[in-house]
Structures are given as C-alpha cells and as structure tokens.
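*Asks:* The structure is given below, and queries will be raised subsequently.
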Amino acid sequence: MSKGPILGIETSCDETAAAVVTEDLRVVSSVVESSIDLHVQFGGVVPELAGRAQVDAIAPVLERALDDAGLNPHCPGVQAVAVTRGPGLVGSLLVGVSVAKALALAWGVPLVGVNHLEGHLVASHLEHPSLELPVVTLLVSGGHTMLVVERAPRAFELLGATIDDAVGEAYDKVARYLGLGYPGGPEIDRLSVSGDRAAIRFPRPLRDVGLDMSLSGLKTAVVRAVDRSPETSAADVAASFQAAVVDVLIAKCERAIDLTGARTLALGGGVAANAELRTAVVQLSRRLGVESALPSLAYCTDNAAMIAAAGFHLLEHGPASALSMSAEPSLRLEAA
Ligand code: KG4
Ligand code: ZN
C-alpha cells in the first residue's frame, strides 16, 4: 500500500523550490522561484542576498506546491519531508533545512536530508523511472562538473571531475566576457545557433586522456582569441566555444561508457539544458547502442522534484535523518 507522496524542498543557492512527488516518481506539483534578478547586476550569485530571498520565498513556494497538489497544509498526508542539506550556500541551505525540520516535526513524519548532487543524478529517473543500470551520468552545473556511474541503486561512483572550473562557470565567464547577460549558459546556447562553430578552432583540454575535465584553459583561449580578433562576431565565438565544450564532454561520456559497460547515458544539472549537448548525447547513445535519459529542462536546473526523488531512494535504502541534522555547505558526493 502506498505510504503517500513525499514533499521535497530545495534551497541550496538562488532557487527556492518545493515539490510533491509520488512513490512511483510522478511529479504532482513542482514550484520554483528564483532570486536571479537580484544578482544579475553583480554578474554572479551574492550569498547574502540569496539567503534573504530564500526567507521571503519559502512560505509562499511551499503553500503553492501543496495547493497545486491538492494537499491540506495542516495535514497533507505526505510520508516524509526531503530537503537539500548540502552542498550550497550556508545561509540558503539553512532556510530549507529549518523549515523541513519544523514541518517534519509538526506533521509527525520522517525528515530526509538529501545531497544536492544526488538530486541532480536522479533527476533523469523522474521521467525514466525504470531506466536500465548501470547508468553513467554527466552532471554539469554552475558549481559542479562530474561523471558518475550508478551500478546499483544509490551505489554512486565518481569516475571523473573538473580539475578547475565547472562547465556552467566557464559558460558564465565566457558570456560575461562577450558582454552577454547572466546566467551566460542559456545566452551562449541561443547565440550559438546563428554562429559558425568552425570559426575558431579552440583547444579541447584533456579530451583524449582519462575522465577528468579542465575548462579554465579553454576559457582563457576564448579571451585571447577575442583580444586578437575583436572583429569576430560574438555568435561565432559562442558557437566555437560551445563546439569545443560539447566535443570534450562527449568524448568523456564515450570513454566512461566503454570503461563501465553502462546501459544508459544520462544528463543532469543546469548545463544539461544545453540544446547542442542534448543532441550530441542522443547521437552518441544511438551510436553506442545505449539508452539516453535526458531530464526535461525544468528538472535540469535546480528544482525540488529531484530532491523528493532522491529522498525516496534514501528512505528505501536507509534510515531517515535525525532532527539534529545540520546544513553541510561542502558536502561531497561520496558522503551521499
Ligand atoms: O544546476 P544549476 O541550476 O545550478 C547549480 O547547481 O549550479 O546550473 C546553473 C548553471 C549556470 O552556470 C548556467 O549558465 C548553466 O547552468 N546553464 C546552461 C544552460 N542553462 C543553464 N549552460 C549551457 N546551456 C544552457 N542552456
Ligand atoms: Zn544544482
């Protein structure tokens, strides 16, 4: 018999999110508010502002998520409250963690602390609940870039990671240099469509070795190329930069599948919304004869449905968290 849906809460950075997800990973409601407008003028998230915005947004976001799911906030009948406990900005994390503790206590249900990275890793499961393991996931966001294999449920093994910038960070920095808006990923993605991806041959750092990644040299190469030829159109620079990024990421995915014998290739994190990367992942999967599992755009960027999904997996495979649980700004995947 179903023990009821789970409420997920995500407040690790500038998004305030709440979602209700059923045991079979059906998303009943998912609400995401972002404070990004406050940060645009600074070209990056300002932790103090993000934390304050979390405080303002959390109650209305929760109310809407419960209301959209048709649940009574006094007695919602959820089986647990899952919340991101790290990694992230401490001031932002504490808002979600404190609210989740209060709700778990008031409703008399278990509290489940979730690693944000595990949330991104299971986002692909939301729309592919029976995806075939082992699954290799390329997790690419503003703060993280890693390749992970899940051989059995929740048995995550880190295969490789960036040794410098995260992919999203490189997108944001290149976009800023080109005078585009923040966050830069979606801007470069859009602009690339009208650019020539062969206009500049950027380096492909570490493409042919191992599973670690490096983005900072590529970013510097973009700056140098623009300084040298300021007449090159921003669209050509964007398209050439993106071609280099996708080329490297796809080579890493192919190597990871070869090494692990994975049956599925999945994406997660904000950069997984990138159109060229998504197309390339589907093509690679077809060529290698594996399944591809791409989350919808709404489940690539930060959201609470992925946290609820990870919460179910945690409850299935271990005990709930203590109410003394704390926010862990530097939580690593290995501690998931
Ligand atoms: O996962 P996310 O929402 O937050 C973090 O946990 O970091 O990822 C945000 C990152 C930003 O760097 C943003 O520029 C990038 O994802 N991003 C994209 C696209 N949409 C968002 N990068 C490339 N193409 C996109 N379409
Ligand atoms: Zn994230």
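The values are calculated or read from the model by the stated rules, or taken from the named source; none is laboratory data. Computed from a predicted structure; not experimentally measured. As a convention, Cβ positions derive from the backbone with ideal geometry for all residues, glycine included, and neighbour counts pool all protein chains shown. In case anyone asks, the SASA skips ligands and DNA or RNA and just uses the protein heavy atoms, side chains included. Shrake-Rupley method; radii C 1.70, N 1.55, O 1.52, S 1.80 Å.
*Asks:* Quick check: anything in the stretch 245-261 open to solvent by 10 Å² or more (accessible area, probe 1.4 Å) and under 22 Å from A100 (Cα atoms)?
*Replies:* No.
*Asks:* Pick from the stretch 82-113 the residues that are surrounded by 24 or more Cβ atoms within 10 Å (Cβ to Cβ) and closer than 21 Å to V271 by Cα: which of them is farthest from ligand 1 (Cβ to nearest atom)?
*Replies:* T84
*Asks:* Determine whether V209 is away from ligand 1 (no atom under 16 Å from the Cβ), out of contact with any helix residue (DSSP H, G or I) (no Cβ under 7 Å at 6 or more places or on another chain) and open to solvent by 40 Å² or more (accessible area, probe 1.4 Å).
*Replies:* Yes; evaluated as a whole, the condition is true for this residue.
*Asks:* Separate question: Please find, among E291, E316, E276, the residue that is charged (D, E, K, R) and at pLDDT below 95.
*Replies:* From the options E291, E316, E276, the qualifying one is E316.
*Asks:* In addition: Could you grab me the full set of residues in the stretch 241-296 that are part of a helix (DSSP H, G or I), in contact (Cβ under 8 Å) with a residue 40 or more places away in the chain, among the polar types (S, T, N, Q) and within 15 Å of ligand 1 (Cβ to nearest atom)?
*Replies:* Q242
*Asks:* Has the stretch 119-127 got any residue that is more than 13 Å from ligand 1 (Cβ to nearest atom), more than 25 Å from L7 (Cα to Cα) and among the aliphatic types (A, V, I, L, M)?
*Replies:* No, every residue in the stretch 119-127 fails to be more than 13 Å from ligand 1 (Cβ to nearest atom), more than 25 Å from L7 (Cα to Cα) and among the aliphatic types (A, V, I, L, M).
*Asks:* Test L138 against the stated conditions and say whether it is surrounded by fewer than 21 Cβ atoms within 10 Å (Cβ to Cβ) and touching a residue at least 24 places away in the same chain (Cβ under 8 Å).
*Replies:* Taking the combined requirement at face value, the residue does not satisfy it.
*Asks:* Can you name every one of the strands (runs of 3 or more DSSP E) wholly within the stretch 109-173 that holds 2 or more residues which are more than 16 Å from G8 (Cβ to Cβ) and more than 16 Å from ligand 2 (Cβ to nearest atom)?
*Replies:* Where strands (runs of 3 or more DSSP E) fall fully within the stretch 109-173 and carry at least 2 residues being more than 16 Å from G8 (Cβ to Cβ) and more than 16 Å from ligand 2 (Cβ to nearest atom), they are 135-140, 145-150, 156-161.
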